[in-house]
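In what follows, a structure is listed as structure tokens, so that the remarks can point back to it.
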Amino acid sequence: MNSRLVIFLLFAAMVLIGVVAFPFMPNTVPIHYGPDGMPNSFGPRWIAAFSVPLNSIFRTALFLFAPRIARLIRRKQSAFAYEDIRNTLRRWCMAYLAFMLLTQVVLVMGVFGYYGEPMRILTCGVSILIITFGNEMGRLRWRSIFGMRVAWLIKNQAAWILAPRQAGRIFFICGAVLLLSAVLLPMQFSRHIMMISISMAIIFSLISSYAIAQRTPQKI
């Protein structure tokens, strides 16, 4: 299926959920939830109905158009290689919008009194987002404005090719561990595993990239 169509359908689904649910919502609704899955902040109903679509359209536009804007400002087309990462950015957008659709579902379910298990659904969404991010990291091109823009990689093309692939594997594994924990373990364990998984993915990716840069000859 065409990626643009998928992006449009995901966004349309968020808007549709908000439009359908809005008339049935009370004036004051839960808009934020604590680690235990229970609401800890309340606000007007339009936030629960439409804040997710509004945030999603802004961030999606940022994803899709930021490289093009940066290329115009910097006037170095080869440094950004927008065409090379176009499909990767679209796949990231689809994963992000799918996660935001789950967020919209969780918010609306909370308005009508369904707590706890929706947080498990949201945790599964986070894990799938991490897995998708890891799967796409190895596709990024040298000096892309996305990816591992650290000093020891940005000037080393050979290391840049190897490091994101290794980091992608790390993110994929951490995302898979989080997904299993969300499915199999009580939520009080899963939320801790989420923080640990994300932290470990970032830390080990940086350590791995530095080690790769040190042992890989620099090629400009």
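The values are calculated or read from the model by the stated rules, or taken from the named source; none is laboratory data. As the structure is a prediction and not an experimental result, all values here were calculated from the model. No Cβ is skipped: glycine too gets one built from the backbone with ideal geometry, and neighbour counts run over all protein chains shown.
In table form, for the structure just shown:
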| read-out | value |
| --- | --- |
| Elements of type helices (runs of 4 or more DSSP H) contained in the stretch 107-185, each with 1 or more residues being at pLDDT 85 or above | 117-137, 157-184 |
| Residue within the stretch 85-106 that is surrounded by 14 or more Cβ atoms within 10 Å (Cβ to Cβ), more than 18 Å from the chain's Cα centre (by Cα) and either assigned to a helix (DSSP H, G or I) or modelled with pLDDT of 85 or more (or both) present | no |
| Residue in the stretch 49-61 that is under 30 Å from residue 149 (Cα atoms), at pLDDT 65 or above and exposed (fewer than 12 other Cβ atoms within 10 Å of the Cβ) present | yes |
| In the stretch 192-220, the residues that are over 17 Å from residue 173 (Cα atoms) and in contact (Cβ under 8 Å) with a residue 24 or more places away in the chain | 210, 212, 213, 214, 216, 217, 218, 219, 220 |
| Residue within the stretch 201-214 that is touching a Gly at 6+ places or on another chain (Cβ under 7 Å) and assigned by TED's automatic domain parsing to the domain that holds residue 129 present | no |
| Any hit, the stretch 205-220, residues being in a helix (DSSP H, G or I), more than 18 Å from the chain's Cα centre (by Cα) and farther than 16 Å from residue 151 by Cα | no |
| Criterion violated by residue 166 - all others in (1) surrounded by 16 or more Cβ atoms within 10 Å (Cβ to Cβ); (2) closer than 19 Å to residue 121 by Cα satisfied | (2) |
